[in-house]
1. Condition check: within 16 Å of the ligand (Cβ to nearest atom), at pLDDT 95 or above and closer than 12 Å to Ala94 by Cα. Does Ala24 satisfy that?
2. Among the numbered conditions (1) within 14 Å of the ligand (Cβ to nearest atom); (2) touching a Ser or Thr at 6+ places or on another chain (Cβ under 6 Å); (3) free of Cβ contacts under 8 Å to residues at least 60 places away in the same chain, tell me where Thr54 comes up short.
3. Out of the range 170-222, which residues are part of a loop (DSSP other than H, G, I, E, B), more than 13 Å from the ligand (Cβ to nearest atom) and modelled with pLDDT of 85 or more?
4. Here are some residues: Ile229, Ile240. Which one is β-branched (Val, Ile, Thr), assigned to a helix (DSSP H, G or I) and either touching a residue at least 60 places away in the same chain (Cβ under 8 Å) or under 20 Å from Asn142 (Cβ atoms) (or both)?
5. Just a yes or no: is a residue in the range 100-112 away from the ligand (no atom under 16 Å from the Cβ), more than 25 Å from Asn184 (Cα to Cα), touching a strand residue (DSSP E or B) at 6+ places or on another chain (Cβ under 6 Å) and among the hydroxyl-bearing types (Ser, Thr, Tyr)?
6. Kindly indicate the residue of the range 133-151 that is in a helix (DSSP H, G or I) and over 21 Å from Ser235 (Cα atoms) and also farthest from the ligand (Cβ to nearest atom) among those meeting that condition.
Amino acid sequence: MDYSLNFRDKVAVVTGAASGIGKATAIAFGSLGANVVLVDVNEKNGLEVSKTITNLGVKSLFIKTDTSNEEETERMASIIKKEFGTPHILVNSAGIEFNDRGNLVDMPYDLLKKILDVNLYGYIHCVRALAPLMKEGGSIVNISSIQGLAVHSPGTSYQVSKSGILGLTRALAIELACSNINVNTVAPGAIATEGMGAVRGGESSILDPYRRRIPLKRRGRAEEIAGPILFFCSSLASYITGSVLVVDGGYLINLTPDFGEVIKPVVGDPDL
Ligand SMILES: NC(=O)c1ccc[n+]([C@@H]2O[C@H](COP(=O)([O-])OP(=O)(O)OC[C@H]3O[C@@H](n4cnc5c(N)ncnc54)[C@H](O)[C@@H]3O)[C@@H](O)[C@H]2O)c1
């Protein structure tokens, strides 16, 4: 049993790698020896992240791809096959939300369709294009959300997409088990990222009511999601497939009303 986190000689493909959770994950893989393929629509930021990873001494390639477009994902996979041969890891993180206009009945149809196209079909396209190339086995990690497990309204279409990812993960875990590919989900809570994590405003504005309900009393960092993702792709998780790991500072399990006022610290700084 190898208890180390070492990805030398592995090829990791990360979608949504130009920003936030995908970016932190891509850099983490590079820092632990993996060659990294970055997939995103944002070319400028994607190339910058790729440069950061190359400077770590591993191979890195940015491939501009709209993951909601099947032909583009197939093209991306053929480039990976040519440049790297066999990929070992796929992390699906590319996602969008328009939760401010998120009720199913009110939401303009084009936005509703776009969410499902990116958040659900995007993951499906990438798996269909890349899993057949993962001939040495490996790991797929799909990023869902606590909104795949519970409702925060408005945001119905986003929640449908994020719940769909949980079903997709379970079905793929069975489908790909005989190819020695484990498939798992990470479900983040409120994570401070450049893109989607900024949607609900800064720490001191709309987010305050959220933060008061988070037992760990703060939003998570993108790196704190990258860690669990790397765990699922490591030998430490070799017997885990089809599972979902919630990474939310305790938010989802907390039913305590007025939590911020009710629970006082037993030790330490009360303002922490
Ligand atoms: N930040 C949070 O609080 C949070 C919470 C729960 C789940 N998530 C999930 O984590 C994932 C990453 O979120 P984030 O906060 O890092 O977001 P982010 O906006 O910082 O990064 C998302 C990246 O995806 C890319 N992208 C968007 N559409 C794409 C497409 N069609 N093709 C290719 N790339 C595309 C964007 O360009 C961006 O670089 C998403 O799936 C999101 O639903 C985020």
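The values are calculated or read from the model by the stated rules, or taken from the named source; none is laboratory data. All values reported here derive from a predicted model rather than from experimental measurement. When we count neighbours, we look across all protein chains shown, and the Cβ atoms used for this are built from the backbone with ideal geometry, even at glycine.
1. no
2. All conditions are met except number (1).
3. Passing the criteria: Cys178, Ser179, Asn180, Pro215, Leu216, Lys217.
4. Ile229
5. Scanning the range 100-112 turns up no residue that is away from the ligand (no atom under 16 Å from the Cβ), more than 25 Å from Asn184 (Cα to Cα), touching a strand residue (DSSP E or B) at 6+ places or on another chain (Cβ under 6 Å) and among the hydroxyl-bearing types (Ser, Thr, Tyr).
6. Checking each candidate, the answer is Gly148.
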